């Protein structure tokens, strides 16, 4: 059985991995927002259904990445609470 120190160390390592993943998701979110702005500028005034669908899909991706960040942040907070209780 692992010692308390080993458990804390493993949790800290996992939290670090989550933080690195969150940074990547945040960067992806920024890039998608930039792409959405570029698309809007390039297709300004177009009423084509494909343009609306593209905007909606990019907006959905942004929202889902935000959900991902919120879920991983909740996981980090729970892990930190567990470490504090050890």
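The values are calculated or read from the model by the stated rules, or taken from the named source; none is laboratory data. Quick caveat, the model's predicted, so the values are computed rather than measured. We place every Cβ from the backbone using ideal geometry, glycine too, and count neighbours over all the protein chains shown.
Note on segment 1-22: residues that are in contact (Cβ under 8 Å) with a residue 24 or more places away in the chain and loosely packed, with under 10 Cβ neighbours inside 10 Å total 1. Among the residues in segment 56-72, are any more than 20 Å from the chain's Cα centre (by Cα) and at pLDDT 95 or above? No, the conditions are met nowhere in segment 56-72. Residue 25 meets all of the listed conditions (1) surrounded by 14 or more Cβ atoms within 10 Å (Cβ to Cβ); (2) within 25 Å of residue 85 (Cα to Cα) but one, namely (2).
In summary, residue 39 fulfils each of the numbered conditions (1) within 19 Å of the chain's Cα centre (by Cα); (2) surrounded by 13 or more Cβ atoms within 10 Å (Cβ to Cβ); (3) at pLDDT below 95 with the single exception of condition (1). Listed by first and then second residue, the pairs linking a residue in segment 44-60 that is more than 11 Å from residue 33 (Cα to Cα) to a residue that is modelled with pLDDT of 85 or more, with Cβ atoms under 7 Å apart and 6 or more places separating them unless they lie on different chains, are 54/39. Looking at 9, 19, 52, just one residue is at pLDDT below 95 and in a helix (DSSP H, G or I), and that residue is 52. Within segment 8-21, the set of residues being more than 19 Å from the chain's Cα centre (by Cα) and within 26 Å of residue 70 (Cβ to Cβ) comprises 8, 10, 11, 12. Do the conditions hold for residue 79, that is, is it at pLDDT 90 or above and exposed (fewer than 10 other Cβ atoms within 10 Å of the Cβ)? In short, no.
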